[in-house]
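Everything on this sheet refers to the single structure shown next.
The values are calculated or read from the model by the stated rules, or taken from the named source; none is laboratory data. The model shown is predicted, which means the values in this text are computed figures rather than measured ones. Neighbour counts are summed over all protein chains in view; Cβ atoms, including those assigned to glycine, are modelled from backbone coordinates with ideal geometry. Protein only, heavy atoms only, side chains kept; ligands, DNA and RNA dropped before computing areas. Shrake-Rupley method; radii C 1.70, N 1.55, O 1.52, S 1.80 Å.
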Amino acid sequence: MWASAVLLVLLGSFGANALDNGLARTPPMGWLAWERFRCNVNCTADPKNCVSEKLFMEMADRLVEDGYKDAGYEYVNIDDCWMAKQRDANNKLYADPERFPSGIKGLADYIHSKGLKLGIYTAYGNFTCQGYPASGMHLELDAQTFAEWGVDMLKMDGCKQMDRHTMKKGYPQMTKYLNATGRPILFSCSWPDYERGAGIPINYTLVAENCNIWRNYVDIQDSWQSVLSIIDYYAKEQDTLVPVAGPGNFNDPDMLIIGDFSLSVEQAKAQMAMWAILAAPLLMSNDLRTITPEYRDILLNKDVIAISQDNAGIMGKRVLQDGDVDIWTRHLEYWEEWGVVFFNNGTTATTVTIKLKDIGFSYILGYDCRDILNNVEFGHIEIEQLRDWHVPAGPGGVLMLYCFDSE
Ligand SMILES: *[C@@H]1O[C@H](CO)[C@@H](O)[C@H](O)[C@H]1NC(C)=O
Ligand SMILES: *[C@@H]1O[C@H](CO)[C@@H](O)[C@H](O)[C@H]1NC(C)=O
Ligand SMILES: *[C@@H]1O[C@H](CO)[C@@H](O)[C@H](O)[C@H]1NC(C)=O
Ligand SMILES: *[C@@H]1O[C@H](CO)[C@@H](O)[C@H](O)[C@H]1NC(C)=O
């Protein structure tokens, strides 16, 4: 493999003006409560699953003890519904005292003691999506409060802000206030998704100057249809979205729902493979206390994670469609090193007969490729060689390859 610094400079980053807080040099990995636990706040009725410090502490324990932390998952992220219903006498946000008796500071200390990082949630506008107090009129104070508590990542949502034209101003203000705290806080912005929803043109240069990761499209739900609609969106918009991704800046197709109620094992592999190709944040929203080993193994697949976390931070794209199969490639750090996904939209197993040249591979001496979901070596392949690629049954069957130039 030939390292090429020149290529990295050309492809690896959107430009000199990307947000410079040293964070998200590769897509962030961790756990985020929302898709699985929602706004479940009744701890009397559901003590095990309600949004409380106990839930986040238990997930932190599982991240450490079950190998996720060693695999790279480090953020433990709170979503909506953590706050008390009003601000305190000094206008500061504080956590619901019954569900978070240690306060966010106490929770942050616990998370940090495990070698993990804490993420929190607010919204731009006066209320969160679920009607809790949010940061609209208090951006600076809230940035300071989050930093005092030891927060490491902030997701700022936007649904109760009716005038979405103001987001272009408001989110960058928050970026300045976060920076002014002196604490590096990874900033996750929902702003482009709301502009998209309102038909407002998105300025991704501005987004990348102010956010580490950003949502582009609707919330993921626990269904294959939802995963598919998100992948379709990124395929359609790839010419806009690929150039903005790079170290420090990533498009966010939303949480991993692997190990929840709806995805089959094959479909879970498909989500993991596609999120790695898309250089997407890997934020699991599942119950790590009850997840079964077959789903856990997918989340811990080291070869897939290595593609996700490749240092060049280049986002992959769809390069070929052959019958029911879409072929996606992601260029990796070294000169001719690639991740490849064959994604089957059809229901039956199928064979795609193509040359590596057809998907843009150009090194004349050829490549070595390996199936990283099943750990099968394919050995040396010439670029002009017509070859059969067997793709498992769908919808959502995937073959994922790691390939590099070899002689
Ligand atoms: C919580 O659930 C319990 C038991 O189902 C119910 O009696 C109580 O009214 C609920 N509390 C709230 C605030 O909804
Ligand atoms: C937030 O509250 C302030 C003060 O009451 C008000 O001026 C502003 O319009 C509100 N913003 C939104 C988005 O509702
Ligand atoms: C604040 O921004 C400056 C300039 O972009 C950067 O060098 C610094 O690391 C940032 N600090 C934090 C805490 O994000
Ligand atoms: C987008 O934002 C960049 C950076 O702030 C700015 O230079 C540029 O003029 C903006 N483009 C448009 C079309 O507003």
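A few notes on this one:
- Largest GNM mean-square fluctuation among Asn210, Asn126, Asn17, using the chain with Cα springs under 10 Å: Asn17.
- Cα gyration tensor shape for the stretch 96-155, rounded if a/c is under 1.5, else prolate or oblate: prolate
- Selected from Tyr171, Trp335, Leu256, residue furthest toward positive end of dipole (the chain; charges at beta carbon): Tyr171
- Cross-link pairs exceeding 23 Å between alpha carbons, from the set Lys105/Lys169; Lys269/Lys302; Lys160/Lys317; Lys69/Lys236; Lys269/Lys317; Lys117/Lys302: Lys105/Lys169; Lys160/Lys317; Lys69/Lys236.
- For the stretch 68-142, trypsin sites (Lys or Arg not before Pro) meeting the loop criterion (DSSP other than H, G, I, E, B) and having at most 11 other Cβ atoms within 10 Å: Lys85.
- Distance between modelled label sites at Glu58 and Asp109, nm, 7 Å Cα→Cβ extension: 2.3
- Shape descriptor for the stretch 312-357: Rg over Rh equals 1.03 (Cα atoms; Rh from the Kirkwood inverse mean 1/r).
- Helix-derived mean residue ellipticity, 222 nm - over the chain, DSSP H n ≥ 4, -39500 (n - 2.57), to 500: -8500 deg cm²/dmol
- Label separation (Thr181 vs Thr347): 5.1 nm, computed from points 7 Å beyond Cα along the C-beta direction.
- Dipole check for the chain: with +1 at the C-beta of Lys and Arg, -1 at the C-beta of Asp and Glu, and the Cα centre as origin, the magnitude is about 1220 Debye.
- Filtered GluC sites (Glu not before Pro), the stretch 300-400: DSSP coil and at most 12 other beta carbons within 10 Å: Glu384
- Taken along its principal axes, the alpha carbon cloud of the stretch 283-407 reaches lengths of 49, 35, 24 Å, longest axis first.
- Solvent-accessible area per residue for the chain (1.4 angstrom probe, square angstrom): 39
- From the alpha carbon centroid of the stretch 25-73 to that of the stretch 195-246 is 25 Å.
- Ratio Rg/Rh, restricted to the stretch 63-109 and using Cα atoms, in which Rh is the Kirkwood radius: 1.12
- In the elastic network of the chain, a GNM with C-alpha springs shorter than 10 Å, the most mobile of Pro172, Pro293, Pro253 is Pro293.
- Annotation note: chymotrypsin sites (Phe, Trp or Tyr not before Pro) in the stretch 174-267 located in DSSP loop regions with a Cβ neighbour count of at most 14 within 10 Å are Phe261.
- Taking the inverse of the mean 1/r over every pair of distinct Cα atoms in the stretch 35-87 gives a Kirkwood hydrodynamic radius of 12.2 Å.
- Value in Å of the Kirkwood radius, where the stretch 72-214 supplies the Cα pairs that are averaged: 15.3
- With the alpha-carbon atoms of the chain aligned to their principal axes, the span from lowest to highest coordinate is 72, 44, 38 Å, starting with the largest.
- The listed residues Trp389, Trp149 rank as Trp149, Trp389 when sorted by accessible area, largest first, using a 1.4 Å probe.
- The chain, accessible surface, carbon-and-sulfur percent (1.4 angstrom probe): 50
- Proximity of backbone amide H atoms, modeled 1.01 Å from N, is registered between Trp389 and Val352, Thr353, Ile354 at under 5 Å, excluding neighbours fewer than 5 places apart on the same chain.
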